Amino acid sequence: MSWLDFTELARAHGKALTKAVFKAQCEDFVVEEVLGITPTEEGEHELLWVEKIGQNTAWVAKQLAAYAGIQQRQVSYCGLKDRQAVTRQWFSLHLPGKQGPDWQQLNLDGVNILKVVRHQRKLARGCHAGNQFVIRLKEGVVAEKKLIERISRIQAQGVPNYFGAQRFGYDNHNLTRAEQWFSGEWRPKKNQQDIYWSAARAYIFNKVLNFRVKHHLWAELIKGDVLQFNDSNTLILPDKIDDAAKVKWQQAELIATGPLWGKGHLLSQEQAAEIENNLAEEEQLLTDGLVAGGVAMARRSLVVYPQQLVWQQQQDNIEISFYLPKGAYATAVVRELVDW
């Protein structure tokens, strides 16, 4: 099957300003996880603040477990971070009634333990607040006036909250596997099923958002939209959207949402529901597979606003830094500036 590729998704702010080299080396993509909670400094769990360079999160978790002499399932983290990057993130290790090893003696290529502190609970997936990014785009020259104009538009209007290409795997492998699974050709191991459900949901969401961007509806409030508060998962259903809610939407306190497909009712109505249903019907194998798997219907914001966005340009390099809430992808911001 030919999938709608991430590179083909509609841009909200016009054509790319230039072409640039992205992630030429790990130091060009720096991610720092913002936990959003304060460790209790006591408890059964040891929290490690880890810097990794050129290593993936799951591999690091496995090495930490081995060094501490515990099962891999006793190591948790908030989310997966890019391998081709410098990333700093938290891991938790369940060590009831005992101290952890001397972490300063850990000799692991590309891994540095920056801080160790105790905590009362393990880290669950998605429990962090967000991520701070510093990104260097090389060999891309843009007139300063054009760059300022584009950055200003992004700050004011946000960017489409697309799922990034990594959600779908290399050459959309995760989508192909999901299709094979849902059609009965193949079955993944139980601990891998979430990967393919997530890819299927993300693909349908991206299709809906792509349609709304192409038709200039991504930042519009249309009939039947479901709104979500910018800083929480609380939803406002279509029949509850009053004048006060519309004011909050104009102020970006409320954001329109798209579907994360699954079992249950589609909360949108009228025009929004028509768009979502029509596009979902084109991917019936995926939607049927998600429903059969018992994955619950949910919503995701169509727009994300990069915060603390600053930039500088030196010769042919552009460096940008910004903060995104959890679940948002830095590449959704980068693609509104450059091709890579």
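Worth pointing out:
- When 42, 51 are checked against the criterion of being over 27 Å from residue 169 (Cα atoms) and of a type in the set (D, E, K, R), a single residue qualifies: 42.
- Exactly one residue out of 190, 223 is in the same structural domain as residue 282 (by TED's automatic domain parsing), within 20 Å of residue 294 (Cα to Cα), of a type outside the set (A, V, I, L, M, F, W, C) and out of contact with any Cys (no Cβ under 6 Å at 6 or more places or on another chain), and it is 190.
- Residue in region 232-247 that is without any contact (Cβ under 8 Å) to a residue 40 or more places away in the chain, assigned by TED's automatic domain parsing to the domain that holds residue 180 and within 23 Å of residue 10 (Cβ to Cβ) present: no
- All of 47, 93 fail the test of being in contact (Cβ under 8 Å) with a residue 12 or more places away in the chain and either surrounded by fewer than 16 Cβ atoms within 10 Å (Cβ to Cβ) or in contact with a Phe, Trp or Tyr (Cβ under 8 Å, 6 or more places away or on another chain) (or both), apart from 47.
- Residue that is nearest to the chain's Cα centre (by Cα), among those in region 76-90 that are among the aliphatic types (A, V, I, L, M) and buried (at least 18 other Cβ atoms within 10 Å of the Cβ): 85
- Region 96-121, subset surrounded by 14 or more Cβ atoms within 10 Å (Cβ to Cβ) and either small (Gly, Ala, Ser) or without any contact (Cβ under 8 Å) to a residue 24 or more places away in the chain (or both), residue nearest to residue 50 (Cα to Cα): 110
- Region 79-100, subset in a strand (DSSP E or B) and not β-branched (Val, Ile, Thr), residue farthest from residue 137 (Cα to Cα): 94
- Residues that are over 21 Å from residue 326 (Cα atoms) and not hydrophobic (A, V, I, L, M, F, W, C) within region 137-156 comprise 138, 139, 140, 144, 145, 146, 149, 150, 152, 153, listed in sequence order.
- Of everything listed in (1) outside any loop (DSSP other than H, G, I, E, B); (2) under 25 Å from the mean Cα position of the chain (by Cα), the single unmet condition for residue 3 is (1).
- Among the residues of region 51-65, the ones that are in contact with a helix residue (DSSP H, G or I) (Cβ under 8 Å, 6 or more places away or on another chain) and either of a type in the set (A, V, I, L, M) or farther than 16 Å from residue 114 by Cβ (or both) come to 5 in all.
- Filter result for residue 154 (within 28 Å of residue 255 (Cβ to Cβ) and surrounded by 15 or more Cβ atoms within 10 Å (Cβ to Cβ)): yes
- Residue in region 257-271 that is of a type in the set (Asp, Glu), assigned to a loop (DSSP other than H, G, I, E, B) and surrounded by fewer than 21 Cβ atoms within 10 Å (Cβ to Cβ) present: no
- Residue in region 221-240 that is among the charged types (D, E, K, R) and within 15 Å of residue 299 (Cα to Cα) present: yes
- Hits in region 1-44 (condition: surrounded by fewer than 17 Cβ atoms within 10 Å (Cβ to Cβ), closer than 13 Å to residue 339 by Cβ and of a type in the set (A, V, I, L, M)): 21
- Long-range neighbours under 7 Å by Cβ, at least six apart or interchain, first residue polar (S, T, N, Q) within region 194-223, second at pLDDT 95 or above: 206/9; 206/162; 206/163; 210/9; 210/10
- Residue count for region 76-90, restricted to those that are over 16 Å from residue 36 (Cβ atoms) and modelled with pLDDT of 95 or more: 3
- Filtering region 205-225 to residues that are touching a Lys or Arg at 6+ places or on another chain (Cβ under 9 Å) and of a type in the set (Phe, Trp, Tyr) leaves 205, 218.
- When residues of region 158-216 are limited to those that are in a loop (DSSP other than H, G, I, E, B), surrounded by fewer than 21 Cβ atoms within 10 Å (Cβ to Cβ) and in contact with a Leu (Cβ under 8 Å, 6 or more places away or on another chain), the one modelled with the highest pLDDT: 183
The values are calculated or read from the model by the stated rules, or taken from the named source; none is laboratory data. Remember, it's a predicted structure, so these values are computed and weren't measured experimentally. Virtual Cβ from ideal backbone geometry, glycine too; neighbours counted across all protein chains shown.
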